[in-house]
Amino acid sequence: MAPGRAMSRASERRVLDEAGGVRAMTWVMAIMLFLTMLAAALGLGTAGAARALDRQLAGRLTVQIIDGDPVRRDASAARVLATLRTLPEVTRVAAVDRAELTRLLRPWLGSDGADPGLPVPAMID
């Protein structure tokens, strides 16, 4: 077999010719660049969402008063509510009523959340 003949068979068996290799590498680089840009866009979007959430939650506080005895719980809630209203840093304070707490608990407790015997903490927003 002649040496030139062996070379032609090797080039025939090659999966990608020279131009095909360059084209394949170009596509690989394009896909990697796309994924990089996608990751950067997602990172910027996540950072923006975190900043927006931070602005919404800044300066907001919920006080929870836990006591099994409803009389003591209500008295404690009234004292805390009165104290919070006297603070100059507090712009708005409101007790969360039992109906609202029942509505918030409904996804987890169902209709049992409306049971008056259920010891639900007093909430001040």
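The values are calculated or read from the model by the stated rules, or taken from the named source; none is laboratory data. These numbers were taken from a predicted model, which means no experiment stands behind them. Neighbour counts are summed over all protein chains in view; Cβ atoms, including those assigned to glycine, are modelled from backbone coordinates with ideal geometry.
Looking only at region 46-67, which residues are closer than 30 Å to Pro119 by Cβ and aliphatic (A, V, I, L, M)? Leu57, Leu61, Val63, Ile65, Ile66 - these are the residues of region 46-67 that are closer than 30 Å to Pro119 by Cβ and aliphatic (A, V, I, L, M). Being modelled with pLDDT of 90 or more, under 17 Å from Pro121 (Cα atoms) and surrounded by 11 or more Cβ atoms within 10 Å (Cβ to Cβ) is a property that Leu101 lacks. Within the set Ala122, Ala114, the sole residue that is surrounded by 10 or more Cβ atoms within 10 Å (Cβ to Cβ) and more than 29 Å from the chain's Cα centre (by Cα) turns out to be Ala114. Arg73 passes every criterion in (1) in contact (Cβ under 8 Å) with a residue 24 or more places away in the chain; (2) basic (Lys, Arg); (3) in a loop (DSSP other than H, G, I, E, B) apart from (3). Note on region 69-94: among residues that are of a type in the set (A, V, I, L, M) and closer than 12 Å to Met123 by Cβ, the one that is surrounded by the fewest Cβ atoms within 10 Å (Cβ to Cβ) is Ala94.
Closer than 26 Å to Leu57 by Cβ and modelled with pLDDT of 85 or more: does that describe Ala78? When the stated conditions are applied, Ala78 does not pass them.
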